[in-house]
1. Of everything in segment 28-40, what is surrounded by 11 or more Cβ atoms within 10 Å (Cβ to Cβ) and part of a loop (DSSP other than H, G, I, E, B)? Give them in sequence order.
2. Starting from segment 91-112, keep only residues that are at pLDDT below 95 and part of a helix (DSSP H, G or I), then list their pairs with residues that are among the hydrophobic types (A, V, I, L, M, F, W, C) and open to solvent by 60 Å² or more (accessible area, probe 1.4 Å) whose Cβ atoms are within a distance under 8 Å, requiring at least 6 positions of separation or different chains.
3. Residue 50: in a loop (DSSP other than H, G, I, E, B), open to solvent by less than 100 Å² (accessible area, probe 1.4 Å) and touching a Leu at 6+ places or on another chain (Cβ under 8 Å), yes or no?
4. Would it be correct to say that residue 134 is modelled with pLDDT of 95 or more and of a type in the set (S, T, N, Q)?
Amino acid sequence: MTSLSNLKNTTKIVKTKKLLGRGVGSGHGKTSGRGNKGYGSRRGSTKRYGYEGGQKRLFTKLPRRGFGRGKFLEPVFAINLCKIEENFNDKEIVNIKSLYEKGIASRKYKDADLKILANGDLTKKVIIEANMFSKSALKKLEEKEIQFKQI
């Protein structure tokens, strides 16, 4: 049961902004929290990420370890069946070049592999030329008797 004795203050506490450079009596006056002398005390000063005051930076001292396959991966452009339905008409060829020409695939994927995904339905009789198909996309294409070719 609620009563006046059980009520709690649920309003968000608003912190007051720290006023800098408003005299010694303000608590943030004189040097305005910047310390004494040096580059950091000057107007327009910025510190580079990882800078340690002339000391060798930590990330340069640590060894670079491990091996990543990311630089060897070839880009893959994935497209759903619903996107093909929206952008193509009957008897059109769907491949990476046609996607690039229509502005669906960006320049980054101009020479990439094409993968067809199964999201959405495809009712148009298009010819699909792709490198990869998801299992469910293959199933949908076979059910609708849509022509496709794996490159």
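1. So in segment 28-40, the residues surrounded by 11 or more Cβ atoms within 10 Å (Cβ to Cβ) come out as 28-34, 40.
Selection gives 28, 29, 30, 31, 32, 33, 34.
2. Partner pairs satisfying both residue conditions: none exist.
3. Spelling it out, residue 50 is indeed in a loop (DSSP other than H, G, I, E, B), open to solvent by less than 100 Å² (accessible area, probe 1.4 Å) and touching a Leu at 6+ places or on another chain (Cβ under 8 Å).
4. Yes, satisfied.
The values are calculated or read from the model by the stated rules, or taken from the named source; none is laboratory data. Computed from a predicted structure; not experimentally measured. FYI the Cβ positions are ideal-geometry reconstructions off the backbone, even for glycines, and counts take in every protein chain you see. Areas reflect the complete protein model, heavy atoms only, side chains present, ligands, DNA and RNA absent. Shrake-Rupley method; radii C 1.70, N 1.55, O 1.52, S 1.80 Å.
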